[in-house]
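A short reminder: the numbers here are calculations on the coordinates, not readings from a lab. None of these values were measured; they are calculated from a predicted model. As a convention, Cβ positions derive from the backbone with ideal geometry for all residues, glycine included, and neighbour counts pool all protein chains shown.
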Amino acid sequence: MKDPIIRIRNVLFKRDEKVVLDDVSMNIGRGKIVAIMGPSGVGKTTILRLISGQLQPSKGSIEVDGKLVSSLSRRALYDCRKDIGVLLQNGALFTDLTVFENVATPLREHSDLIEKDIEERVMAKLESVGLAGTEELMPHSLSGGMARRVALARAVIMNPKIVLFDEPMTGLDPIAMSTVGRLIRETNDQLGLTSVIVTHNVVQMKRLVDYCFILAGEKLIAEGTPEELMQSDEPAVDQFMNGRVEGPISFKYQNAASSSATSPS
Amino acid sequence: MKIHWTQNSKLLAPIAETGHCGIFLARMLSGIRFERELLISTLQQTYLIGARSLVIIMICGFFVGMVLSLQSINALQQFGASDQVSLLVGKSLFRELGPVLTALLFAGRAGTSIAAEIGLMKATSQIEAMQLMAIDPVQRIALPRFLAGLISLPLLTAMFNAFAILGAVMFSIGVMGLDPGIFWSKLQTSIYFSKDFMGGVWKSVVFGGLVSLIAVYFGYYAKPTGEGVGTATTRTVVMSSVLVLIFDFIMTSFLI
């Protein structure tokens, strides 16, 4: 891959002595929508947290747009995060702020824009996610899909280079799922972003992403375009992509350490 | 004898936690930037945790004043000195009961609300979202609440004292029929500004900082679960109450 924006090299990540990721390497290309897939608890969200610098690898390195996030100071890490938007699993909107204030927060914090310019940019972003007219609403009065779209508007308001999505479709009805999927594609292409999506929704992945990584049993087991992975005859990939019960990926609970060691994905 | 430093050591855990809390305070104060945003959010929090605690503080102050004068008159009558009631009520209120009882009430009313609010923000990933937006939640969430506690408690103590005196006046003069002139003149001549009044003010500033620091600290480090938030609020009340009483003794021994 030419000039990847995210390089993950030989990462080993342990939690409480339990290995979560072992010798995982990924190159994520600029401008692409990339999915990280795998069974629940395999460490997909852990990879997003390693990219955003919330977690540090036990071994290996993570480079984001030329910066080695695994060795940055707190201040440098916060500077680096200004180029990264994140949409968390539940949206994580600030419950004491209106929709407008939620979307405006990064601008107020990191830019010197005057109030009129902030208002223009926030309204334009809300319009682009189909939520014009909701600016005075509080987060508790939004549906799951609307909250996810507000969180998307907030994640891209600073025009970041990279947006990380943690299970953006979970808990949404099929229409809301397609709407959020379409918005991710439009936003990615219009703003020239790189989007990294953690998901286990194979159907959405086939429709939405350009490239995909599959994790299982602490390892990266496959990567490729959705079409390549669908046609793969590698048993673990075939089991995951087609949702088969029988196969090399174990469905059984293994031990307490392993269940506590993996982040919810 | 060998002491092994482990994270689970029951002996050393409180010391480690005190150190951790001190580092949290240093992190909070070292990043202070006196900007408009901080002023606005501190004022908002002062309203939420200070002004909204006023009613409970006034009611409790009023009845503490009444019961204090009832007990004092009852005791002083045996020596024929019931006209000294305002001296006894005033000294005990300004020096001890005002700051201590207000701090305990503040811990129950505002401390729990701060810990629960921050704990819930953590459980719903709002703190994480803030970190990911390159906003320091310690500065944005914890600091305004800490400063608001520092400002609110001395003011609430003043209100508590005022209503306690009012309660004492109503009981002593209105019910027991003491002479108002004697009551007020004894109060005026027996309460010293630097020793009694300012002593209480210093105590309330320290207690305000203590209670709000404990509340933001336990809220910030609460486990992101329902049980974790519950534990954080309980620990806030218990630790605040115990530490207020310990610090009260320490400060009194220096101020007396």
When chain A is modelled as a GNM with alpha-carbon springs shorter than 10 Å, which of A:Leu208, A:Leu48, A:Leu113 fluctuates the most? A:Leu113
Net charge of neighbours whose Cβ lies under 12 Å from the Cβ of B:Thr46, counting Lys and Arg as +1 and Asp and Glu as -1: +2
Estimated vicinal HN-Hα couplings, Hz - segment A:15-23 in sequence order (Karplus 6.51, -1.76, 1.60; Gly, Pro = x): 10, 6, 6, 8, 6, 9, 10, 10, 6
Based on the alpha-carbon gyration tensor of chain A, what equivalent-ellipsoid semi-axes (square roots of 5 times the eigenvalues) come out, in whole Å, largest first? 31, 21, 17
Partner chain Cβ atoms within 10 Å, averaged over the residues of B:120-132 - can you pull that number for me? 6
Among A:Val245, A:Val150, A:Val64, which one shows the highest mean-square fluctuation when chain A is modelled as a Gaussian network with alpha-carbon springs under 10 Å? A:Val245
Rounded to the nearest 20 Debye, what is the dipole magnitude of the protein assembly as shown about its Cα centre when Lys and Arg each give +1 and Asp and Glu each give -1 at the C-beta? 1040
Where does each of A:His110, A:His200, B:His20, A:His140 land when they are ranked from fewest to most other beta-carbon atoms within 10 angstrom? A:His140, B:His20, A:His110, A:His200
Once the Cα atoms of helix A:174-191 and of chain A are each reduced to a long axis, what angle between those two axes, in degrees from 0 to 90 to the nearest 10, is obtained? 80
Which residues among segment A:88-103 fall inside the zone where the amide N is under 14 Å from a point 7 Å beyond the Cα of A:Glu115, along Cα→Cβ? A:101
Net charge around A:Ser61, counting only other residues with Cβ within less than 13 Å of its Cβ (Lys, Arg = +1; Asp, Glu = -1)? +2
Using the Kirkwood radius over Cα pairs, work out the Stokes-Einstein diffusion coefficient for the protein assembly as shown at 37 °C and 0.692 mPa s, in µm²/s as a whole number. 124
Would you mind working out the magnitude of the charge dipole of segment B:40-255 relative to its Cα centre, with +1 at each Lys and Arg C-beta and -1 at each Asp and Glu C-beta, to the nearest 20 Debye? 180
Given H placed on each backbone N at 1.01 Å, which residues far from A:Arg30 in sequence or on other chains put an amide H within less than 5 Å of it? A:Ile5
Taking every DSSP bridge whose two residues both lie in the protein assembly as shown, the antiparallel percent to the nearest 5 is 55
Using the alpha-carbon atoms, what tilt in degrees (0 to 90, nearest 10) does helix A:144-156 show relative to the longest principal axis of chain A? 80
Measuring from the longest principal axis of the C-alpha atoms of chain B, the long axis of helix B:226-255 (C-alpha) lies at a number of degrees, nearest 10, equal to 50
Here the tail fraction of P(r) beyond 22 Å, over all Cα-Cα pairs of chain B, rounds in percent to 59
Can you tell me which of B:Ile214, B:Ile23, B:Ile49 moves the most in a GNM of chain B? Springs connect C-alpha atoms under 10 Å apart. B:Ile23
Can you give me the convex hull volume of the Cα atoms of segment B:120-256, divided per residue and expressed in Å³? 138
May I ask you to derive the FRET efficiency for A:Glu101 and A:Leu72 from their Cβ-Cβ distance with R0 = 41 Å, giving the value to the nearest 0.05? 0.90
Net charge contributed by nearby residues that have their C-beta within less than 14 Å of B:Leu132 (K/R +1, D/E -1): +1
Among B:Phe63, B:Pro154, B:Phe94, whose Cα sits farthest toward the positive end of the charge dipole of segment B:40-255 (+1 at Cβ of Lys/Arg, -1 at Cβ of Asp/Glu, about the Cα centre)? B:Pro154
Distance violations [Cα-Cα > 21 Å] among A:Lys18/A:Lys59; A:Lys161/A:Lys219; A:Lys44/A:Lys219: A:Lys161/A:Lys219
Could you tally up the Lys pairs in segment B:40-255 with alpha carbons closer than 26 Å? Skip any pair fewer than 8 positions apart unless they're on separate chains. 7
What spacing in nm lies between the two simple spin-label points modelled at B:Phe197 and A:Asn10, each 7 Å away from Cα in the Cβ direction? 7.3
Note to self, chain A gives a 222 nm [θ] from helices alone (DSSP H runs n ≥ 4, -39500 (n - 2.57) apiece, / all residues, nearest 500) of -11000 deg cm²/dmol
